[in-house]
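The values are calculated or read from the model by the stated rules, or taken from the named source; none is laboratory data. Nothing here was measured: the structure is a model prediction, and the numbers come from that model. For neighbour counting, all protein chains shown are included, and Cβ atoms are generated from backbone atoms with ideal geometry for every residue, glycine included.
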Amino acid sequence: MIYNTEEELLEKARAAEGSTFGDLDKKGRLSNSRSKGGLGQIIEESYFGYKVNSNAEPDFKELGIELKVTPFKKNTKGKITAKERLVLNIINYMKEVDYTFDTSSFWNKNSKLLLMFYQWLPGVDRSDFKVTKSILFTFPESDLQIIKKDWETIVNKVRDGKAHELSEGDTNYLGACTKGANKSSLREQPFSEELAMQRAFSLKQSYMTSLVRKFIKNEELVSIAKSEELIKKSFEEILYDRFNPYIGLTVREIAQKQGIEYNQKAKSFIPLMISSLLGIKGTKLNDIEEFSKANIQFKTIRLEPNNRPRESMSFKNINFNQWFTESWEESEIRETFMSTKFLFVIFKYKETGKQNSERELYFEGLKLWNMPMRTIDKEVKEVWQETKRLVGEEVKIEYKKRGNTLIETNNFPKKDFNGVAHIRPKGRNGKDKVNLPNGQIVTKQCFWLNNNYIAEVLDGNK
DNA sequence: GCATGATCATGC
DNA sequence: GCATGATCATGC
């Protein structure tokens, strides 16, 4: 079947809305458990009737349209999110470096996408998943500007002979995700002897989430940069430009200039300050288009006069059962550091020896950062691995007197373990306990990035 | 001075 | 009620 116009193709795709994959699978691929193929292949072969291929051209090449079948799900709060990143074409490191964005393999194949969204449900047989929505998607101009920069970031890294150091967190919307069963999926690269993991261009999960929310729930985000501005500057430059005039001021002064109430204890102050300086006062940071699509999470850093944070940086509490059952490759912590870009909002105290509440806090600037792949797969993995080992075997828990209270000590990785991260308690009171896979009970624990490591990151060394 | 453990306060 | 960000307190 040849589709002569976009309308014809879209009509066919829309006719699938409401159908289950079982309904659409006329060749019985789903019922044959040995036939692996994804749901996308069933749609390609059985519904649109063309042979599955791995050509460089789009699936419907006369129309320049690439077909993608992609899942969404509901998160624990009941909101819909993309279930995964959208994996596009594999990057041929040897060839891609000779292209410009306009001649790139990414743009050649994926400039127009026919997206068919289906809802993934836990525990439900995949033949019962339903196609919810089919749309013809072209990139909005402002997204395209960011994606162009992303493509250049990826390709420049290959040009620098660093294909083996690529990481999804390097970029904003368009990522280079690993594609291949395991570490044996290695490929050659043009400017280094080192073999690199096979990777594919992909639209990040956070970007896909914005699409499902927009097209299925009609939810819109608030953007901070217009496409005309993005043609001249990168998103990062725009961000720094917005904040630079305030560097060196105290938070009190910034609050006054922006007409917002300064309350040291309010957890909402920093997000309010950020949205205010971005010109969209009061917008939740998760509703800022560029932050949400690129999965940018902010973290506050308070430096001491010696330019080192006194405190390490905490993340969410550890789910030990999850750590114990997951493999490293699929672990949540690895995924988090690979896919999250951090926006460090940096402040500094200029006095020492006083309580924080009595010290003036100065705005020092911003830093966008994502953890390098080598650190994720070495130091973070080491901490994860050692912790996993201990909670499976035995944690050495001791109770000691400190003043009048009994404190609980453990032998989880400490700050001197490898210089990057450590495990440390974080509870609300002495009763905040958690069960370990081995049956022991300990105070709730959290993953921390060492304050010294953060200081090195800020110095640009990591 | 710093590492480590404890716990407060806010906000959902 | 709980998770999280933030900060405090002790003792080596």
* To do: Need at least 2 residues that are surrounded by fewer than 19 Cβ atoms within 10 Å (Cβ to Cβ) per element, so show me which strands (runs of 3 or more DSSP E) inside the stretch A:101-199 make the cut, counting only ones lying wholly within it.
  => A:112-119, A:131-138, A:186-189, A:192-197
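Yes/no per residue for (1) part of a helix (DSSP H, G or I); (2) modelled with pLDDT under 85:
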residue: A:Ala16; (1), (2): no, no
residue: A:Gly37; (1), (2): no, yes
residue: A:Gly40; (1), (2): yes, no
residue: A:Thr81; (1), (2): no, no
* Structure fact -> Selection from the stretch A:332-357 of residues under 11 Å from the mean Cα position of the chain (by Cα), within 30 Å of A:Leu249 (Cα to Cα) and more than 11 Å from DNA strand C (Cβ to nearest atom) yields A:Thr340, A:Lys341
* In the stretch A:291-309, what residues are under 26 Å from A:Asn461 (Cα atoms), under 23 Å from the mean Cα position of the chain (by Cα) and either not basic (Lys, Arg) or not in a strand (DSSP E or B) (or both)? -> A:Phe291, A:Ala294, A:Asn295, A:Ile296, A:Gln297, A:Phe298, A:Thr300, A:Ile301
* Run down A:Ser206, A:Ser223, A:Ser227 and say which single residue is within 30 Å of A:Phe117 (Cβ to Cβ), touching a Lys or Arg at 6+ places or on another chain (Cβ under 7 Å) and not basic (Lys, Arg). => A:Ser206
* Assess whether A:Leu285 counts as being in contact with a Gly (Cβ under 8 Å, 6 or more places away or on another chain), within 13 Å of DNA strand B (Cβ to nearest atom) and either hydroxyl-bearing (Ser, Thr, Tyr) or on the phi < 0 side of the Ramachandran plot (or both). => no
* Asked: Do you know which of the residues in the stretch A:260-277 that are of a type outside the set (Phe, Trp, Tyr) and not in a loop (DSSP other than H, G, I, E, B) is nearest to DNA strand C (Cβ to nearest atom)?
  -> A:Ile270
* Structure fact -> With the first residue restricted to the stretch A:287-305 and required to be under 30 Å from A:Glu141 (Cβ atoms) and of a type in the set (Gly, Ala, Ser), and the second required to be part of a strand (DSSP E or B) and away from DNA strand C (no atom under 13 Å from the Cβ), Cβ contacts under 7 Å at 6 or more apart or on different chains are A:Ala294/A:Lys341
* To do: Check whether at least one residue in the stretch A:184-191 is out of contact with any helix residue (DSSP H, G or I) (no Cβ under 8 Å at 6 or more places or on another chain), under 22 Å from A:Ile80 (Cα atoms), of a type in the set (A, V, I, L, M, F, W, C) and modelled with pLDDT under 95, and report yes or no.
  => no
* Structure fact -> Those residues of the stretch A:377-398 that are charged (D, E, K, R) and in contact with a helix residue (DSSP H, G or I) (Cβ under 6 Å, 6 or more places away or on another chain) come to a total of 1
* Quick check: anything in the stretch A:247-259 within 25 Å of A:Thr336 (Cα to Cα), away from DNA strand C (no atom under 16 Å from the Cβ), of a type outside the set (Ser, Thr, Tyr) and part of a loop (DSSP other than H, G, I, E, B)? -> no
* Structure fact -> Scanning the stretch A:398-433 for residues that are modelled with pLDDT under 95 and of a type in the set (A, V, I, L, M), the one surrounded by the fewest Cβ atoms within 10 Å (Cβ to Cβ) turns out to be A:Leu406
* Kindly check whether there is at least one residue in the stretch A:375-387 that is closer than 30 Å to A:Asn244 by Cβ, surrounded by 10 or more Cβ atoms within 10 Å (Cβ to Cβ) and within 35 Å of the chain's Cα centre (by Cα). => yes
* Asked: Under the condition of being more than 12 Å from DNA strand C (Cβ to nearest atom) and over 30 Å from A:Leu144 (Cβ atoms), which residue from the stretch A:278-309 is surrounded by the most Cβ atoms within 10 Å (Cβ to Cβ)?
  -> A:Arg308
* Asked: Which residues, taken from the stretch A:389-416, are more than 9 Å from DNA strand B (Cβ to nearest atom) and assigned to a strand (DSSP E or B)?
  -> A:Lys401
